[in-house]
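K.L.:
First the structure, which I've put down as structure tokens, then a few questions once you've had a look.
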Amino acid sequence: MYKLPEDDLKLLNKLLLMKDLNPEDGYSKEKVIEYINANRELEEAELNQIRNYVLDKNLEYGFYKNGEPNELGYATEELGDKLFYIMEDESNK
């Protein structure tokens with residue numbers, strides 16, 4: 001279905017190094033790690049788990065104290081949107 005490009009993998013690996021502040025919700029971190037390291041095209045359910053992880057990290061680290069998005073916030077929002085549209089396009093086929 002979709003193979004993650006190098007730029008996305010770099011961001012995801014950066015996120016994996018960050019401390020988890022919230023419990024897993026809609027994803028398994030173990031599975032996310034497996035999918036990121038898979039080096040193959042990922043299915044919709046796998047992309048969805050990665051997207052949920054990205055959105056969780058966005059909530060945990062993506063904002064300044066004043067509520068404005070920071071650089072990581074913009075990057076995770078962009079990746080989350082990108083994965084959503086990829087999954088949506090595949091669903092419409």
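The values are calculated or read from the model by the stated rules, or taken from the named source; none is laboratory data. Quick caveat: nothing in here was measured; it's all calculated off a predicted structure. Ideal geometry is used to build each Cβ from the backbone, glycine not excepted, and the neighbour counts take in all protein chains shown. Surface accessibility is based on the protein's heavy atoms, side chains included, excluding ligands, DNA and RNA. Shrake-Rupley method; radii C 1.70, N 1.55, O 1.52, S 1.80 Å.
K.L.:
Any idea which residue in the range 41-59 is farthest from GLU71 (Cα to Cα), counting only those that are aliphatic (A, V, I, L, M) and open to solvent by less than 40 Å² (accessible area, probe 1.4 Å)? Don't jump to the end; show me each part of the working.
P.N.:
The first filter runs over the range 41-59 and keeps only residues aliphatic (A, V, I, L, M), leaving 42, 45, 47, 50, 54-55, 59.
Narrowing the set further to residues that are open to solvent by less than 40 Å² (accessible area, probe 1.4 Å) leaves 42, 47, 50, 54.
Working: LEU42: 27, LEU47: 23, ILE50: 19, VAL54: 14 Å.
Among those that are aliphatic (A, V, I, L, M) and open to solvent by less than 40 Å² (accessible area, probe 1.4 Å), it is LEU42.
K.L.:
Taking the range 60-69 as the region of interest, how many residues are touching a strand residue (DSSP E or B) at 6+ places or on another chain (Cβ under 8 Å) and either within 18 Å of ASP20 (Cα to Cα) or loosely packed, with under 14 Cβ neighbours inside 10 Å (or both)?
P.N.:
In the first step, residues of the range 60-69 are kept if they are touching a strand residue (DSSP E or B) at 6+ places or on another chain (Cβ under 8 Å); the result is 62-63, 69.
Okay, now just the ones that are also either within 18 Å of ASP20 (Cα to Cα) or loosely packed, with under 14 Cβ neighbours inside 10 Å (or both), so 62-63.
Going through the range 60-69 one residue at a time, the tally reaches 2.
K.L.:
Okay, moving on. So which residues in the range 71-88 are open to solvent by 10 Å² or more (accessible area, probe 1.4 Å), of a type outside the set (Lys, Arg) and out of contact with any Gly (no Cβ under 6 Å at 6 or more places or on another chain), if there are any at all?
P.N.:
At the first step, the residues of the range 71-88 found to be open to solvent by 10 Å² or more (accessible area, probe 1.4 Å) are 71-72, 74-75, 77-78, 81-82, 84-88.
Subset that is of a type outside the set (Lys, Arg): 71-72, 74-75, 77-78, 81, 84-88.
Matches in the range 71-88: GLU71, TYR74, ALA75, GLU77, GLU78, ASP81, PHE84, TYR85, ILE86, MET87, GLU88.
K.L.:
Within the range 46-93, how many residues turn out to be in contact with a Pro (Cβ under 9 Å, 6 or more places away or on another chain) and of a type in the set (Gly, Ala, Ser)?
P.N.:
Of the residues in that region, 1 qualify.
K.L.:
Name the single residue that is surrounded by the most Cβ atoms within 10 Å (Cβ to Cβ) among those in the range 8-40 being acidic (Asp, Glu) and under 21 Å from GLU88 (Cα atoms).
P.N.:
First pass over the range 8-40, keeping only residues acidic (Asp, Glu): 8, 20, 24-25, 30, 34.
Within this subset, residues satisfying the condition of being under 21 Å from GLU88 (Cα atoms) are 8, 25.
Numbers: ASP8: 19, ASP25: 10.
If we take residues in the range 8-40 being acidic (Asp, Glu) and under 21 Å from GLU88 (Cα atoms), then ASP8 is surrounded by the most Cβ atoms within 10 Å (Cβ to Cβ).
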